[in-house]
Each structure stands twice: as structure tokens, then as C-alpha cells.
Amino acid sequence: MRKIPANTMRHRAAFLVATESGDQYGQPQRSWRRASSARWVSIEPLRSREAFIGDQAQTTDTHVVRLSWTPDAPTTQQRMQVLHSGRTFDISSVVDEDEQHRVYRLMVTERADGTDG
């Protein structure tokens with residue numbers, strides 16, 4: 001049974017969910033709202049070997065975010081982001097590690113372009 005050591009959960013992050021609507025001209029507009037209260041998470045950059053493997057698989061994941069299990073977990077069914085200290089991460093996958101409902105592992109890509117996606 002895997003648990004996250006408390007000393008690695010040192011980042012306070014908010015989860016944002018996108019809502020889509022049309023403007024007065026019918027053009028799509030995206031706005032972001034908090035999906036839940038801020039959570040303690042672990043944010044780790046991918047090691048160079050993992051990043052290389054990721055490049056081979058045509059992915060742009062840059063970090064792994066881990067958080068304790070919760071019934072209202074982030075999903076890839078709805079467009080979501082992680083916000084931490086002014087940094088924005090797009091969520092590309094969500095895995096329930098060991099399928100034990102203890103730890104979620106999110107593969108994320110940091111948005112370096114300053115846009116909200």
C-alpha cells in the first residue's frame with residue numbers, strides 16, 4: 001500500500017476547471033474557475049531519462065504531480081489545470097497509483113507561454 005510521505009507534500013496548489021461559452025459573435029470563450037479548495041501536493045520535474053522517453057512517445061509532459069486520493073479527483077474528461085505560485089500546469093493524465101485509492105499521479109505540462117490554454 002503506497003502512501004505519500006508528508007514531507008514531500010510541500011506545494012499548495014489549486015485545481016481549475018474550464019468552462020466554455022460563446023461570445024456575442026459565437027466565438028468560443030474559455031474561463032477558469034476553482035474546482036475545489038487548495039490541496040497539498042508534490043510537484044516533481046521529470047528526470048532527463050523520463051523526459052527523453054516522453055519525447056519518444058510524442059508527449060510534452062514536464063512534471064509529475066502527486067496528491068492524496070479524494071472522491072472528487074481531477075479528470076481528463078473535463079479540461080483542468082493545476083495552479084501553483086503563479087505557475088500553470090495542464091493535466092494530461094490521471095492515474096490512481098496501484099489502484100488502491102490512496103495516491104493520484106498526474107502527468108502535467110507546464111505552460112511556459114503565459115497563456116491559460
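Distant-in-sequence amide contacts of ARG79, defined by a placed amide H-H separation under 5 Å and a gap of 5 or more residues or a different chain, comprise ALA18. Take each peptide in 33-41, 89-97, count the other Cβ atoms within 10 Å of every residue, and average; sorted highest first, the result is 89-97, 33-41.
Taken together, the values in this text are just the output of simple stated rules run on the coordinates, not laboratory data. Not measured: the values here are computed from a predicted model. Positions of Cβ are backbone-derived with ideal geometry, glycine not excepted, and every protein chain shown enters the neighbour counts.
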